[in-house]
Amino acid sequence: MHIAAVIGAALLLGLATVAVNRQSALANSATWDESIYMALGRAALSGDASAQFADLGVAPLPVRAIWTRSVLEPLVVAPGDAAVFAERVNRARLRAIAIVAVPLVISLLLWTVRAQGALAGVTATAVVALSPNVIAHSSLATTDAAFALTFILSVVALIAYARVRSWSRSIALAAALGTALATKYSEIGRAHV
């Protein structure tokens, strides 16, 4: 498969990711954790919310990346305004698709094409990108898909380091692992390194 075909596949998979995740995001009501992340995002915008993040055991990185001022505006709203709540959730989900779901698919594509060749890489990425489980999680404004993205990048960095050990690769691995663990605290207990 030619490089132009891989680029074309990347564009198609990126567009497919946006389309299926957008449809899923707009078709489903808010989850309980999205309301928590929304509240944490609002608290972070109004001041130091470190204690609130720590009390709930929530990693601030994906919350701050997804639940931004543009997603949460208007910041002052009468309590219980369901329309504003729904609009915020929809904007956050669309932002999550753009900054998490699409990079997740493109990262996976680049990694698998390099490791297994173009046809296998494109096929594997299509299977993952169109998996109902992946769509279900990457169409929400939560920390799960963000962890999947940072975990894949950590695995890529680990493989690169294992192949050729160098200071630059060890720094890249440390940064990737640190970012992954800063994305979802509940995964720290699963690390058996």
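The values are calculated or read from the model by the stated rules, or taken from the named source; none is laboratory data. As the structure is a prediction and not an experimental result, all values here were calculated from the model. No Cβ is skipped: glycine too gets one built from the backbone with ideal geometry, and neighbour counts run over all protein chains shown. These area figures cover heavy atoms from the full protein model, side chains too; ligands, DNA and RNA do not enter into them. Shrake-Rupley method; radii C 1.70, N 1.55, O 1.52, S 1.80 Å.
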Worksheet entry | Those residues of region 9-21 which are open to solvent by 30 Å² or more (accessible area, probe 1.4 Å) and of a type in the set (Gly, Ala, Ser), in sequence order | ALA16, ALA19
Fill in: Residues located in region 66-81, provided they are outside any helix (DSSP H, G or I), in contact (Cβ under 8 Å) with a residue 12 or more places away in the chain and surrounded by fewer than 17 Cβ atoms within 10 Å (Cβ to Cβ)
LEU75
Worksheet entry | Candidates VAL63, VAL84, filtered to the one that is among the β-branched types (Val, Ile, Thr), modelled with pLDDT of 90 or more and open to solvent by less than 10 Å² (accessible area, probe 1.4 Å) | VAL63
Item to complete: Kindly indicate which of ALA96, ALA141, ALA175 is modelled with pLDDT of 95 or more, within 27 Å of TRP67 (Cα to Cα) and part of a loop (DSSP other than H, G, I, E, B).
Response: ALA141
Discussion item. Every residue in region 87-97 that is in contact (Cβ under 8 Å) with a residue 12 or more places away in the chain and open to solvent by 30 Å² or more (accessible area, probe 1.4 Å), please.
Written reply: ASN90, ARG91, LEU94, ARG95
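Residue-wise test of (1) of a type in the set (Ser, Thr, Tyr); (2) over 18 Å from ILE135 (Cβ atoms).
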residue	(1), (2)
GLN23	no, no
LEU26	no, no
MET38	no, yes
GLN52	no, yes
ASP55	no, yes
VAL58	no, yes
ALA65	no, yes
THR68	yes, yes
Fill in: Checking VAL89 against (1) under 15 Å from the mean Cα position of the chain (by Cα); (2) of a type in the set (A, V, I, L, M, F, W, C); (3) modelled with pLDDT of 95 or more, the condition it does not meet
(1)
Discussion item. Taking the conditions exactly as written (modelled with pLDDT under 95 and open to solvent by 50 Å² or more (accessible area, probe 1.4 Å)), does ALA191 satisfy them or not?
Written reply: yes
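Residue-wise test of (1) modelled with pLDDT of 95 or more; (2) over 16 Å from ILE99 (Cα atoms); (3) assigned to a helix (DSSP H, G or I); (4) open to solvent by 40 Å² or more (accessible area, probe 1.4 Å).
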position	(1), (2), (3), (4)
GLN23	yes, yes, yes, yes
GLU34	yes, yes, yes, no
ALA39	no, yes, yes, yes
LEU45	no, yes, yes, yes
ASP48	no, yes, no, yes
GLN52	no, yes, yes, yes
